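One structure is given here, and the rest of the page talks about it.
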Amino acid sequence: MIHLNIIVRGTVQGVYFRKCTNEKANELGLKGYVMNRIDGTVYVEVEGEEEVVNQFKEWLHEGSPKSTVFAVEPREGKVQGFDQFEIRR
């Protein structure tokens, strides 16, 4: 099990990025959350099996159909033991 803290930069707010991220994480069985940040980026904390988390991280480069992702910046973190994946406001 691994945990990543990820910042996603680009046109990622107001384009259903959080909704699509939530759907993808749930489809893959991952836990954590996604939220918008004041600076226009999106922040994701995700945990799960390394192979699946890496698949999710690659998906973040695509994002929602209307988003334009410039950068996905992951950092390893400490496993928190989330029980679901959710959208935070």
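For the stretch 5-15, name all the residues that are assigned to a strand (DSSP E or B) and of a type in the set (Gly, Ala, Ser). Result: Gly10, single match. For first residues located in the stretch 68-79 and touching a residue at least 40 places away in the same chain (Cβ under 8 Å) and hydroxyl-bearing (Ser, Thr, Tyr), partners that are surrounded by 11 or more Cβ atoms within 10 Å (Cβ to Cβ) and assigned to a strand (DSSP E or B) and lie 6+ apart or on another chain with Cβ distances below 7 Å form the pairs Thr68/Gly10; Thr68/Thr11.
Of all residues in the stretch 16-32, none satisfies the criterion of being outside any helix (DSSP H, G or I), under 10 Å from the mean Cα position of the chain (by Cα) and among the aromatic types (Phe, Trp, Tyr). Scanning the stretch 37-55 turns up no residue that is of a type in the set (S, T, N, Q), more than 13 Å from the chain's Cα centre (by Cα) and more than 15 Å from Gln13 (Cα to Cα). Checking Val8, Val79 one by one, the residue that is crowded, with 16+ Cβ neighbours inside 10 Å and not small (Gly, Ala, Ser) is Val8 and no other. Please enumerate the residues belonging to the stretch 33-68 that are part of a strand (DSSP E or B), buried (at least 18 other Cβ atoms within 10 Å of the Cβ) and not acidic (Asp, Glu). Listed by number, the residues that qualify are Tyr33, Val34, Val42, Val44, Val46, Gly48.
Values quoted throughout were computed directly from the atomic coordinates according to the rules given, and no laboratory measurement underlies them. Since the structure is predicted, the reported quantities are computational estimates derived from the model, not experimental observations. Please note: Cβ atoms are built from the backbone with ideal geometry, for glycine as well, and neighbour counts cover all protein chains shown.
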